[in-house]
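Structure first, commentary second.
The values are calculated or read from the model by the stated rules, or taken from the named source; none is laboratory data. These numbers come from a predicted model, not from an experiment. Note that each Cβ is placed from the backbone with ideal geometry, even for glycine, and that neighbours are counted across all protein chains shown. Side chains included, ligands, DNA and RNA excluded: accessible areas come from the protein's heavy atoms. Shrake-Rupley method; radii C 1.70, N 1.55, O 1.52, S 1.80 Å.
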Amino acid sequence: MNPAIKCAVDYARTQGLKPYLVYDGLRGLIDDKIKEASGDDVSGILHRGGTILRSSRSKRFFDIQYREQAYNNLKSRGIGKLIVIGGDGSFGALHQFYSDFGLPFAGIPATIDNDIPGTDYCLGVDTALNVIRHSVDSIRDTATSFSRAFVIEVMGRHCGYLAMVSSLACGAEICLVPEIEYDLDSIQERIRKEKEDGSRTYLIAIVAEGVKMGDYLTRWIGDSLKMDARLTVLGHVQRGGSPTVRDRIMAYHFAVGAVNALQAGETSRIMTYKDGLYGSTSIQEVSDGKVSAREELFNLCRPLCC
Ligand code: F6P
């Protein structure tokens, strides 16, 4: 998120605009935590994880009275357009705000779940994947040295993207995700054969948190595959860390796209990266659409589910 903030501010200034920063997300809009952005505010932040602006969920924003307060805070400074970095919740809030007061906004998709309709990529995903890759590579050292099985639970509330990509990148033997049907009997048979012919002495299984199978699978591996099994839940380490090169560059494209969209008079576009092209889509597609099926990825992962 920080590269996106920096680029939006720097680029807006080169366009002769006067950018402001809103701290603490929706809560900050209501409580007037808004300041004009200087170059200093955004210098030296490219490499930092999280967001220098901080973030928050705000129940008050559902209430028109507080949205009006937020609008007045913006109006008093002459702020006429907003860029929001986040997921469907943040976009939905800004869409409501646009319906209320006609204040245009542009959205930059950012969620490690990579599950925003209309775009193949959301900021943070590559950084999270690299955290997972590093962790699984480290866990593999114990797995191989002690002939153990490890079940590693990665984030992804409804979407198995992180689990699928990291399973392939880290060479997992098992991958369980909400999108693909799995078959424990055939997994058992596959691993049993490998154990029998001596090619399987340790095991890495990656599961998406959304399937809620971490505990069960760990016990199942002990009982059915007769392997010493441990569960590692990676948790919030996946949401931190210095942004990777890919994330930094994607942030630049999305931020420039967002400023340009607003300059061109767009009122509610969400930046996208789709089929290798940068572009934007309507807020309707994001709120009503479905995450595009990733058939090629599913096909690569299917052998790990059975
Ligand atoms: O939606 C992104 C995500 O990282 C999910 O993968 C995860 O379930 C959730 O956020 C964690 O949210 P919180 O930090 O509120 O526990």
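At a glance:
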| quantity | calculated |
| --- | --- |
| Residue within segment 117-124 that is in a helix (DSSP H, G or I), at pLDDT 95 or above and closer than 30 Å to Tyr161 by Cα present | no |
| Scan of segment 168-217 for residues that are surrounded by 14 or more Cβ atoms within 10 Å (Cβ to Cβ) and within 16 Å of the ligand (Cβ to nearest atom), ordered by number | Leu176, Val177, Pro178, Glu179, Ile206, Val207, Ala208, Glu209, Gly210, Val211, Met213, Gly214 |
| Among residues of segment 28-72, those that are part of a helix (DSSP H, G or I), under 28 Å from Cys122 (Cβ atoms) and touching a residue at least 24 places away in the same chain (Cβ under 8 Å), counted | 11 |
| Residue that is in a strand (DSSP E or B) and touching a helix residue (DSSP H, G or I) at 6+ places or on another chain (Cβ under 7 Å), where the choices are Gly107, Gly92 | Gly107 |
| Qualifying residue in segment 136-158 (condition: outside the structural domain of Ser287 (by TED's automatic domain parsing), within 16 Å of the ligand (Cβ to nearest atom), assigned to a helix (DSSP H, G or I) and closer than 23 Å to Arg48 by Cα) | no |
| Selection status of Tyr161, within 12 Å of the ligand (Cβ to nearest atom), at pLDDT 95 or above, open to solvent by less than 50 Å² (accessible area, probe 1.4 Å) and of a type in the set (Ser, Thr, Tyr) | yes |
| Residue match in segment 262-269 (condition: aliphatic (A, V, I, L, M), open to solvent by less than 90 Å² (accessible area, probe 1.4 Å) and assigned to a helix (DSSP H, G or I)) | yes |
| Cβ-Cβ under 7 Å pairs, at least 6 apart or on other chains, segment 143-161 side basic (Lys, Arg), far side part of a loop (DSSP other than H, G, I, E, B) and at pLDDT 95 or above | Arg148/Tyr202; Arg148/Met227; Arg148/Asp228; Arg157/Asp113 |
| Residues (away from the ligand (no atom under 15 Å from the Cβ) and of a type in the set (D, E, K, R)) located in segment 101-121 | Asp120 |
| Residue within segment 281-289 that is farther than 21 Å from Gly89 by Cβ and surrounded by fewer than 17 Cβ atoms within 10 Å (Cβ to Cβ) present | no |
| Complete set of residues in segment 85-103 that are of a type outside the set (Phe, Trp, Tyr) and open to solvent by less than 20 Å² (accessible area, probe 1.4 Å) | Gly86, Gly87, Ala93, Leu94, Leu103 |
| Those residues of segment 234-257 which are exposed (fewer than 15 other Cβ atoms within 10 Å of the Cβ) and outside any helix (DSSP H, G or I), in sequence order | Gly240, Ser242 |
| Test result for Gly279, out of contact with any helix residue (DSSP H, G or I) (no Cβ under 6 Å at 6 or more places or on another chain) and not assigned by TED's automatic domain parsing to the domain that holds Glu189 | yes |
| Residues being crowded, with 24+ Cβ neighbours inside 10 Å, within 30 Å of Gly279 (Cα to Cα) and touching a Ser or Thr at 6+ places or on another chain (Cβ under 6 Å) - total across segment 121-153 | 2 |
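Conditions (1) within 22 Å of Leu262 (Cβ to Cβ); (2) open to solvent by 40 Å² or more (accessible area, probe 1.4 Å); (3) not hydrophobic (A, V, I, L, M, F, W, C), marked per residue:
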site	(1), (2), (3)
Met1	yes, yes, no
Arg13	yes, yes, yes
Pro19	yes, no, yes
Lys33	yes, yes, yes
Ala37	yes, no, no
Ile52	yes, no, no
Ser55	yes, yes, yes
